[in-house]
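S.K.: Pasting in a structure now, in C-alpha cells, and then I'll have a few things to ask.
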Ligand code: SF4
C-alpha cells in the first residue's frame, strides 16, 4: 500500500558514518516543500546498531569468519563487531573499518561490476534476513525507492536489496544516487549490466531528479524527461541532460525527523553553507567533481537553520558538511550565530589559506565553534606548491598558535602520496608530531593514503603520481579508490 511518493534509503555497509548523512534529509525536505511525500530510512545505522548485535547475526558472522582464509583472519582477527572503533584514533579506526567491512559484505575481492552483480543473485544470509526484517515491510509503501551511496562498499547491499525488491514487489522503480554515483559518471556507459537491477542512476544533487522521478512513477512524464539520470534503453546506456544546481538560498532546512537520532555514535547534526570547494585546485583531491562549482549562501540563513534544527531535535552540536568553508564565511557565520544567540557548538573544514589571527579564532570560539579541520598534507612549502595546495609558508603554524590561545581544537590532514619517499614522509611526520606535542592537546593529526577517484582532480595528473591503470579499470566499481600501479616511491600506511 502506497504511503508516500518516495522511500529514500541510506544502505549498509558504511562503518565510517557516525552521524546522520545530510543528502536524503535534504531531498526529503525539498520534496515536501514541492507538495510530494517521502520517507527517509537509514538502514546503515540500524544494521550497525541493532542488527549487528543480535545473536542471529553473531552466528552468521562467526560462520562466515571461520570459513575465511588465514590471511583474512590476520587482517580481521575477530568476528564480533565492536562499537569501540568509533572512538579509536584515526589509523586504528581506518584499519578496523577496512578489515571488518569485507566480513559484512559478501566475499568479493575484485570489485568488478559483473562479480558484484553475480553475488547479488546468490543468497546472502546476512543481507537476506536483514532485508526480510527491515526493508521488505517498507518496500511496498512507495512506487519509487532511492538508495544513496557514499562509496562502493554499499553497492553489494544495494544490488542485493534491489534484486529482492524486484522479485517481491514487481513494478517498483529503483534509483541509485549519492556521491559514489556521481563519481562513477564517466564509467556508467560501460556499466550496462547494472541497469538490470537499477532503473536509473542519479548524478549530482538529487532534489529535482527525485521530484521528476516521482512524476515518472505516476505516469506524468517520461524517463527522458527526468534530469541528471543515466539509464538504459534497448541495451544502450543513455545520460539525460544535467539539471542546474538547486539555489542554496532556496533549499529548505533538511528534514531529519524520520531518522533514529539517538542511535548515532556521534550525537551531532550536519549543516551546510556551501557546495563545491572555493579553491578546488589540489591535484590529489577526490572530493570535487568536474561540475561542482563553488556556491555559497547567506550565512544568516545557515545560522537560523542551525538554531531551528537544534531547537527542533534538542541536539545542539553541528558538523558543517561543506568541503571547506572559506575564512570570510566562517567569520560571517560566527557573527550571525552570536547575533541570534543560537547556543550551538559546531565544527568545520576550512583552509589555512590565510593567517588566522587570535581575534578571529576567539570570535569563532565565542560563536560555539570548537574544532577546525584543515589539509596541510606535508611540511614542505615547495612540495605543497607542487600539489597546488595554495597554503603559504607559516599560515598553518600561525593558525595553530591562534587556536591554542582561543581553545579551538585543530585537526590537520596529512597526505601519503606516490612520489613522497618514506624518509620525506617520516621527516614530515616528525615535524607535525613536534607541533602536536607542544600544542597542549590542541592539535590532532590525521594521516591518509592517497586515493585515486574516477572523477577526481588526480585523474588529470596521472603522470605526476607515476600512475598506470590496470586493464579492467572501466568496470571496477571503486570509483573513489581505484586500484593503480605507480613507478614513484610510495608505501601505503593502511591495509
Ligand atoms: S582537497 Fe580540500 S581544499 Fe583542496 S580542492 Fe579538495 S576540497 Fe578543496
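S.K.: May I ask you to derive the relative contact order of region 2-94, considering only C-alpha pairs under 8 Å and at least 6 residues apart, and to give it as an integer percent?
M.R.: 26 percent
S.K.: Name the residues of region 395-429 whose amide N is less than 19 Å from a point 7 angstrom out from the Cα of residue 473 along the C-beta direction?
M.R.: What the label zone holds, given the 19 Å backbone N cut-off, is 417-420.
S.K.: Taking the Cα centre of each part, how many Å lie between region 437-495 and region 212-250?
M.R.: 33 Å
S.K.: Another question, then. Using a 7 Å offset from the Cα along the Cα-to-Cβ direction at both residue 108 and residue 343, what is the distance between the two label points in nm, to one decimal?
M.R.: According to this spin-label approximation, the distance is 4.9 nm.
S.K.: Something else now. How high is the FRET efficiency between residue 300 and residue 444 when r is their beta carbon distance and R₀ equals 22 Å, given to the nearest 0.05?
M.R.: That gives a FRET efficiency of 0.10.
S.K.: Which angle from 0 to 90°, rounded to the nearest 10, does the C-alpha axis of helix 327-339 make with the longest principal axis of the chain?
M.R.: Result, in degrees: 80.
S.K.: How many angstrom lie between the C-alpha centres of region 51-96 and region 328-388?
M.R.: The distance from the Cα centre of region 51-96 to that of region 328-388 comes to 36 Å.
S.K.: Based on the Cβ-Cβ distance of residue 121 and residue 59, what FRET efficiency does E = 1/(1 + (r/R0)^6) give at R0 = 22 Å, to the nearest 0.05?
M.R.: E between residue 121 and residue 59, to the nearest 0.05, is 0.35.
S.K.: For residue 393 and residue 308 in one chain, what is 0.36 nm times their gap in residues minus the Cα-Cα distance, to one decimal in nm? Spell out each step's value before the answer.
M.R.: Working: separation 85, 0.36 × 85 = 30.60 nm, distance 3.99 nm.
Value of the extension gain: 26.6 nm.
S.K.: How far apart, in nm, are the 7 Å Cα→Cβ label points at residue 84 and residue 382?
M.R.: So the two model labels end up 4.6 nm from each other.
S.K.: Taking a spot 7 Å from the Cα of residue 461 along the direction of its beta carbon, which residues of region 308-326 have an amide N less than 18 Å from it?
M.R.: Once the point is set 7 Å along Cα→Cβ of residue 461, 324 turn out to lie under 18 Å by backbone N, inside region 308-326.
S.K.: Between the helical axis of 55-67 and the dominant principal axis of the chain, each derived from Cα atoms, what acute angle in degrees is found, rounded to the nearest 10?
M.R.: Between helix and principal axis, roughly 80 degrees.
S.K.: Using a 7 Å offset from the Cα along the Cα-to-Cβ direction at both residue 486 and residue 190, what is the distance between the two label points in nm, to one decimal?
M.R.: Using points 7 Å along Cα→Cβ, the separation is 2.2 nm.
S.K.: Please express the Cα-Cα pair-distance distribution P(r) of region 51-126 as a list of whole percents, one per 10 Å bin, running from 0 to the bin with the greatest distance.
M.R.: Computed distribution, short to long bins: 17, 46, 33, 4.
S.K.: Also, I was wondering about something else. For the chain, find the longest principal axis of its Cα atoms and tell me its angle to the long axis of helix 90-104, 0 to 90°, nearest 10.
M.R.: 10 degrees
S.K.: So what is the diffusion coefficient of region 268-486 in µm² per second by Stokes-Einstein at 37 °C and 0.692 mPa s, using a Kirkwood Rh over Cα pairs? Write down the numbers at each step before the final one.
M.R.: Details: Rh = 18.5 Å.
After rounding, the answer is 177 µm²/s.
Bear in mind these aren't lab numbers, they're just calculated from the coordinates by the rules spelled out. Since this is a predicted model, take the numbers as computed values, not measurements. As a convention, Cβ positions derive from the backbone with ideal geometry for all residues, glycine included, and neighbour counts pool all protein chains shown.
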